[in-house]
1. Please report, in debye to the nearest 20, how large the charge dipole of the chain is about its Cα centre when each Lys and Arg carries +1 at its beta carbon and each Asp and Glu carries -1 there.
2. Mind jotting down the distance between the C-alpha centroids of the range 68-135 and the range 159-188, whole Å?
3. Counting alpha carbon pairs within less than 8 Å and at least 6 residues apart, what relative contact order, in whole percent, applies to the chain?
4. With labels modelled as points extended 7 Å from the Cα through the Cβ direction, what inter-label distance (nm, one decimal) is found for Ser51 paired with Tyr126?
5. Report the per residue volume, in Å³, of the convex hull enclosing the C-alpha atoms of the range 4-186.
6. Which is farthest toward the positive dipole end of the range 30-105 among Ala90, Asn102, Ala70, measuring Cα position about the Cα centre, with Cβ charges +1 (Lys, Arg) and -1 (Asp, Glu)?
7. State, as an integer percentage, the relative contact order of the range 110-189 based on alpha-carbon contacts under 8 Å between residues 6 or more apart.
8. Can you list the lysines whose alpha carbon is less than 19 Å from that of Lys34, not counting same-chain residues fewer than 8 positions off?
Amino acid sequence: MDNYFIVICGDLAGGKTTYGKMIAKELEIPFFSKDELKEILFDSMCNNDLSYEEKRMLGASSYSVFYNIAEQLMKANQAFILESNFVKEAIEVLNNLTNKYNYKCITIRFEGDLKTLHQRFLKREYSEERHQGLVSNGTFDDFEEYVKYSNKLKEFKIDKDEIIVDTTDFSKVNIEDIMSKINKRILGE
């Protein structure tokens, strides 16, 4: 079996973190979420009044840490999962790491009906449980802005043969089917 890592990408509020953690548990490999790193950095600043632009800059810093973790795991020949709202600028970084360490990338894209996902996003965005470092300060309240950003996320393509998961209705997501597809790719089938 080749060395591999899994990239989890897709729409905002598409269930990437939730399902990514399930997949990591099934495969018994580490899971890293860019947003979780961003939360840690945000909390270390002790400032809840950052603007959206300042939060975006913090997100960019999170990616630097994120990619460093990936490289260290590759140096140790470890399988792992990276989860984020990847955009096309990430393609070069991930391809460079993949080539440098001779890794196979398996991509799982979580997407769905954008109107449904936007409503899910808004509910999450304004819940008291949402971490302040991740709140978008109203940037995606407008559906057209949400769609525009979703289209930008679709520009990220690192694996020609992505596993696509429709998360419009979480009750219809079949984790066993996802795991079967992942295992086939791990084995090179």
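1. Its charge dipole is roughly 460 debye.
2. Each part reduced to its Cα centre gives a spacing of 15 Å.
3. Once divided by the residue count of the chain, the mean separation gives 36 percent.
4. The modelled label-to-label distance comes out at 2.4 nm.
5. Taking only Cα atoms, the range 4-186 has a hull volume of 117 Å³ per residue.
6. Asn102
7. It comes to 43 percent, rounded to a whole number.
8. Answer for Lys34, where 19 Å is the Cα cut-off: Lys16, Lys21, Lys25, Lys55, Lys88, Lys152, Lys154, Lys157, listed by chain and number.
No value in this document is a laboratory result; all are computed from the given coordinates. Quick caveat, the model's predicted, so the values are computed rather than measured. Please note: Cβ atoms are built from the backbone with ideal geometry, for glycine as well, and neighbour counts cover all protein chains shown.
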